[in-house]
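So the structure is just underneath, and the comments pick up after that.
The values are calculated or read from the model by the stated rules, or taken from the named source; none is laboratory data. Predicted model only: the values in this text are computed from it and were never measured. Don't worry about glycine lacking a Cβ; one is built from the backbone with ideal geometry, like all the others, and counts go over all protein chains shown. Side chains are part of the model used for accessible areas, which takes the heavy atoms of the whole protein and leaves out ligands, DNA and RNA. Shrake-Rupley method; radii C 1.70, N 1.55, O 1.52, S 1.80 Å.
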Amino acid sequence: MVIRRISSLLLQAGMLLALASCICRAQSKNFKCSIINEAGFCFVENVHLDVSTNGIGGDASADTRVQFPRHPTLLIKSGAIPYFGKDIFALLGNTKQLHVYNHTSIRHLFIPVTNLTEINVQRNGLSEFDVEAVENRELKVLSIVHNGLVNVPRNIRFLVGLEKLYLYNNSLEYFDLETLANASQSLKILSIYDNHIKTLDSRSALYFPKLQTLSLSKNKLSFVPYFEESFPAVTVVSLRKNPWNCGWLHTIMQYIEARKIQVVRKDATCRDRWISEICCTYTVLDFMFDRQAAQMHREQQLLRNVTHENRRLVETVHQLADDLHRVQLLLDQQRPPSNGKSTTDARNIDNV
């Protein structure tokens with residue numbers, strides 16, 4: 001009986017020790033750099049954090065038990081962080097550049113105000129992200145690529161210091177440039193190629209004076225409103241693999257060629273038409289545009305002809321006036337002298 005009691009106590013003690021060991025391991029995670037490459041990237045692997053909107057493991061006090069390396073550039077290479085939000089960002093210390101790559105699963109990303117200047121998230125299975133509704137001037141580069149984003153949150157407008165935005169290789173169908181209005185004076189690169197964007201929305205007074213690179217390839221765009229007005233400083237643009245409206249494309253390519261803007265990677269083949277090696281779709285609107293353009297061309301040609309004929313007529317009238325003046329001078333020169341002398345002689349004869 002005593003032996004059985006002792007065995008039971010020993011078993012319970014072993015279980016408690018094992019449980020305590022598991023708890024310690026679960027709550028104490030001290031991640032280290034597995035390697036620091038020549039570029040200065042600190043690679044961190046196997047980062048598994050069960051995070052909810054209420055904190056790590058549902059207990060915000062557990063934050064202090066998780067530590068990341070105090071390194072300016074972190075690259076989380078693998079793991080799973082279903083909710084990457086404030087609690088995770090709070091653990092990054094003095095990190096300035098954060099990269100979360102390939103095999104690190106993220107379902108939701110929430111970007112708070114931090115001292116980070118760059119966030120690069122790619123191939124994580126991410127379908128949505130949001131931004132804290134507080135003005136953020138620190139973040140300069142945001143890259144969320146090769147993921148499954150279906151929309152861009154309105155709160156991205158709080159990233160007022162943004163210089164480079166990369167959202168390529170996602171599933172976006174609509175993009176509103178108005179959401180970047182607060183960063184319009186700083187944005188230099190906008191890359192949204194390889195999505196499903198049908199509408200790129202804008203307004204007439206919205207322009208990006210410092211934007212130099214605009215990547216729009218591999219979407220479903222037919223035109224870009226206010227292209228010339230919105231992007232006066234653009235030097236590089238990508239347009240291929242879009243169903244562009246031929247009338248719009250013709251006008252824009254004239255502008256692009258006149259400004260010597262570089263068009264990268266043109267279309268190799270086209271099913272319909274192409275302009276300057278960029279494909280376009282000839283629609284009823286294009287037919288009506290061409291018809292109107294042809295009519296305007298005929299009217300302009302007629303106006304030029306009438307103007308030319310009027311000019312010739314004016315020149316003829318002026319020539320005739322000059323000729324008439326010369327004839328008048330010639331007649332004046334050939335007119336016989338005045339008969340005033342003959343009258344005087346006659347008077348003298350009468351006096352005699």
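When DSSP assigns beta bridges and you keep just the ones with both residues in region 28-238, what percent turn out antiparallel, to the nearest 5?
Of the beta bridges lying entirely in region 28-238, close to 10 percent run antiparallel.
With the full set of protein chains in place, find how many percent of the accessible area of region 28-238 is carbon and sulfur; take the probe as 1.4 Å.
In region 28-238, the share of accessible area belonging to carbon and sulfur is 46 percent.
Find the all-direction average of the projected area of the Cα convex hull for region 28-238, expressing the result in square nanometres with one decimal place.
11.4 nm²
Do the alpha carbons of any pairs in LYS77/LYS140; LYS164/LYS210; LYS198/LYS260; LYS96/LYS164; LYS29/LYS96; LYS140/LYS198 sit beyond 19 Å of each other, and which pairs?
With Cα atoms farther than 19 Å apart: LYS77/LYS140; LYS198/LYS260; LYS29/LYS96; LYS140/LYS198.
Take VAL145, VAL314 and sort them by solvent-accessible surface of the protein heavy atoms, 1.4 Å probe, largest at the top.
Reading off the accessible areas and sorting them downward yields VAL314, VAL145.
What does the charge dipole of region 28-238 about its Cα centre add up to, to the nearest 20 debye, if the Cβ of each Lys and Arg holds +1 and the Cβ of each Asp and Glu holds -1?
340 debye
Counting only residues 5 or more places away or on other chains, whose amide H sits under 5 Å from the amide H of LEU172 once H atoms are built in the peptide plane?
HIS196
Leaving out ligands, DNA and RNA but keeping every protein chain, what accessible area does ARG137 have, in Å² rounded to the nearest 10, with a 1.4 Å probe?
For ARG137, solvent-accessible area is about 140 Å².
Sort HIS196, HIS48, HIS71 by accessible area with a 1.4 Å probe, largest first.
HIS48, HIS196, HIS71
Hey, what's region 28-238 come to in accessible area per residue, 1.4 Å probe, Å²?
44 Å²
Which ³J(HN,Hα) values in Hz, rounded to whole numbers, follow from the phi angles of region 268-273 under the Karplus curve 6.51 cos²θ - 1.76 cosθ + 1.60, where θ = phi - 60° and Gly and Pro get x?
In residue order, the calculated couplings are 7, 9, 9, 7, 10, 10 Hz.
Enumerate the amide H contacts of VAL66 below 5 Å, restricted to partners 5 or more residues apart or on another chain; note that Pro and chain-start residues carry no placed amide H.
LYS29
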